[in-house]
There are 2 protein chains.
Amino acid sequence: MKIVKKIGALRKALESPRCQGRCIGFVPTMGALHCGHLSLVHRAKKENDIVVVSIFVNPTQFGPHEDFVHYPRNLKKDTKILKGSCDYLFVPDVREMYAQGFRTRVEVGGLGELLCGRTRKGHFTGVATVVAKLFSIVLPQTAYFGQKDAQQAVIIKKMVTDLNIPVKTIVCPTVREKDGLAMSSRNAYLSEGERRDAVVLFQALKSAQRLVDSGVRESARIISVLNDFITRTVSARVEYIAIVDEASLSTLEKIERRALLLLAVTVGKTRLIDNMILKIKVSGNR
Amino acid sequence: MKIVKKIGALRKALESPRCQGRCIGFVPTMGALHCGHLSLVHRAKKENDIVVVSIFVNPTQFGPHEDFVHYPRNLKKDTKILKGSCDYLFVPDVREMYAQGFRTRVEVGGLGELLCGRTRKGHFTGVATVVAKLFSIVLPQTAYFGQKDAQQAVIIKKMVTDLNIPVKTIVCPTVREKDGLAMSSRNAYLSEGERRDAVVLFQALKSAQRLVDSGVRESARIISVLNDFITRTVSARVEYIAIVDEASLSTLEKIERRALLLLAVTVGKTRLIDNMILKIKVSGNR
């Protein structure tokens with residue numbers, strides 16, 4: 001695995017394999033790598049000749065009162081974790097990514113203002129813009145994202161379609177801890193007690209599916225039950241619970257087909273998100 | 001020259017020459033081709049192995065009260081003009097370029113709201129977005145734009161830099177009629193009398209350089225003289241006259257180095273633009 005810091009150096013390194021027709025897979029990350037990231041890297045390795053992982057804590061996707069400064073950074077540890085799993089680790093410098101006078105934004109209108117976008121103003125513009133940049137630098141055939149960041153995945157897929165970007169984007173399943181907590185770099189912020197409480201997100205998701213299984217179809221009813229359930233955990237504060245169409249993110253009043261249930265819950269001071277596809281099971285007798 | 005209408009078909013056609021390392025040059029146009037466009041195509045032909053010209057009257061760069069519906073379209077004539085000069089003529093369908101649910105915008109913050117952007121709200125967002133799309137479809141090494149649309153050229157160059165788009169953009173000199181009128185598809189809107197009056201833009205540009213040559217350095221003074229000069233032509237109405245830095249488009253109070261002078265003038269009902277670099281001549285004796 002080669003660590004590359006300069007945009008030009010990465011382009012140069014990838015030029016010859018690209019010309020030889022070798023497939024390039026790309027996993028963009030913000031570092032603080034965990035098994036969720038690794039599942040993307042392994043999938044990329046399986047499906048490509050060359051795998052590029054980027055680590056870039058992108059300042060433009062953090063709000064002024066968010067955790068940019070404190071976001072976990074440990075390149076040494078990340079490098080160790082990746083060793084053998086990828087070919088290039090791209091760690092660009094923020095001053096090269098955003099040179100003086102930088103002023104271009106990619107906006108996926110409408111989708112970025114919903115759900116997490118309501119509290120995280122500008123977050124998804126920052127995400128879309130940096131991913132567009134990274135795609136243009138790496139020029140991969142395929143890029144891999146986690147379902148844990150469901151809204152991000154929808155927005156990036158939409159951007160890629162709308163801008164005709166020649167990259168196939170694959171969304172991989174959320175990787176969970178033993179108790180069901182979705183893996184996230186931000187889990188590191190949790191105290192021991194909060195860590196135990198944080199399982200409430202996954203428990204809520206599972207209970208929603210049980211409600212659907214028992215015949216409940218009204219989103220409002222499910223959301224209300226989940227809200228009560230999560231609120232019973234004292235350290236947890238619900239930011240939103242939403243049931244939406246998985247492609248358009250538009251609200252579904254009723255669950256009549258696959259539906260995406262999303263949660264944002266603050267546990268202690270740590271904002272956590274999780275999601276699950278709710279499915280209507282067809283009875284085996286039919 | 002092959003006419004291609006589908007995005008997938010163009011991609012397929014360009015795949016093999018690209019893999020063989022052949023250089024692709026690209027000239028995006030809205031059709032109604034004139035010698036200005038042809039100068040770009042010829043330059044592209046000289047510098048590349050394969051030349052792609054696109055004709056797409058992009059609806060998103062027209063305001064609701066602008067001339068989208070009446071913009072001149074004549075594919076037959078354009079095809080004749082291009083014959084022998086390019087390899088692929090790409091004429092995408094608006095329904096494929098903007099499929100239902102299209103919602104992504106590329107904004108070059110700040111630059112798109114100045115000058116022409118003041119009256120043409122959203123125009124440069126439309127331009128930047130469609131050019132980003134076309135670049136992603138054609139994947140050229142080099143793309144060619146005309147200096148006549150100076151603000152557009154600055155914005156596209158900035159977008160390319162900011163988003164790390166691997167396309168070299170070349171801006172070619174404005175091509176003029178014998179009397180100096182900058183070639184433009186919109187010149188076709190002018191009546192015979194207006195066509196004669198329209199030369200006032202070029203005359204104004206030239207007189208500005210003469211003022212600089214005679215030692216005038218204050219932009220306000222030059223703008224005032226030009227305004228008086230243009231206004232003497234009854235059919236002409238000044239929209240703006242500006243003297244700016246040629247890279248940042250920021251206003252220059254004084255002309256101390258190369259400066260970009262831009263005009264937007266409506267002649268009859270036709271909005272025309274033109275521009276010129278003002279230079280300070282260094283005396284031969286020094």
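What follows draws every value from the coordinates through simple rules; no lab data is involved. Quantities reported herein were computed from a predicted structural model and do not represent experimental measurements. Neighbour counts run over all protein chains shown; Cβ positions are idealised from the backbone, glycine included.
Which percent, nearest 5, of DSSP beta bridges in the protein assembly as shown are antiparallel?
On the way: 45 of 83 bridges.
Of all bridge pairs located within the protein assembly as shown, approximately 55 percent are antiparallel.
Remark: spin-label model distance B:Asn227-A:Arg95 equals 4.3 nm, labels positioned 7 Å along the Cα→Cβ axis. In nanometers and ordered shortest first, the copy-to-copy spacing of the A:Arg176 label point, defined 7 Å from Cα toward Cβ, is 7.2.
The simple spin-label model puts a point 7 Å past each Cα toward its Cβ; for B:Lys76 and A:Asp67 those points are separated by 6.6 nm.
The slack between A:Glu177 and A:Tyr240, meaning 0.36 nm per residue of separation minus the straight C-alpha distance, is 20.4 nm. Counting every pair of alpha carbons in region A:2-172, the share spaced more than 23 Å apart comes to 37 percent. Across region B:122-134, rounded Karplus estimates of 3J(HN,Hα) from the backbone phi angles (6.51 cos²θ - 1.76 cosθ + 1.60, θ = phi - 60°) give x, 4, 6, 5, x, 5, 4, 5, 5, 5, 4, 4, 4 Hz, Gly and Pro being marked x.
Helices in chain A, meaning DSSP H runs of at least 4 residues, each add -39500 (n - 2.57). Divided by all residues, the mean residue ellipticity at 222 nm is -11000 deg cm²/dmol. Dividing the convex hull volume of the alpha-carbon atoms in region A:1-91 by its residue count gives 100 Å³ per residue. By the equivalent-ellipsoid construction on the alpha carbon gyration tensor, region B:153-208 comes out with semi-axes of 32, 13, 9 Å, ordered largest to smallest. Per the Debye formula on identical point scatterers at the alpha carbon atoms of the protein assembly as shown, with no solvent, log10 I(q)/I(0) at q = 0.09, 0.11 Å⁻¹ is -0.80, -1.07.
Can you pull the Kirkwood radius for chain A, inverse mean 1/r over Cα pairs, to one decimal in Å? Provide the component values of the computation, followed by the final result.
Numbers: mean 1/r = 0.0499 Å⁻¹.
After inverting the pairwise mean of 1/r, the radius is 20.0 Å.
Applying D = kT/(6 pi eta Rh) to region A:185-277, where Rh is the Kirkwood radius over alpha-carbon pairs, T corresponds to 25 °C and eta to 0.890 mPa s, the Stokes-Einstein value obtained is 182 µm²/s. The residue list B:Phe90, B:Val106, B:Asn74 was ranked by how far each Cα lies along the charge dipole of region B:74-114 toward its positive end, using unit charges on Cβ atoms, and B:Asn74 comes out on top. Note on region B:2-172: dipole from Cβ charges, positive end direction compared against B:Thr169, B:Ile3, B:His42; the farthest Cα belongs to B:Ile3.
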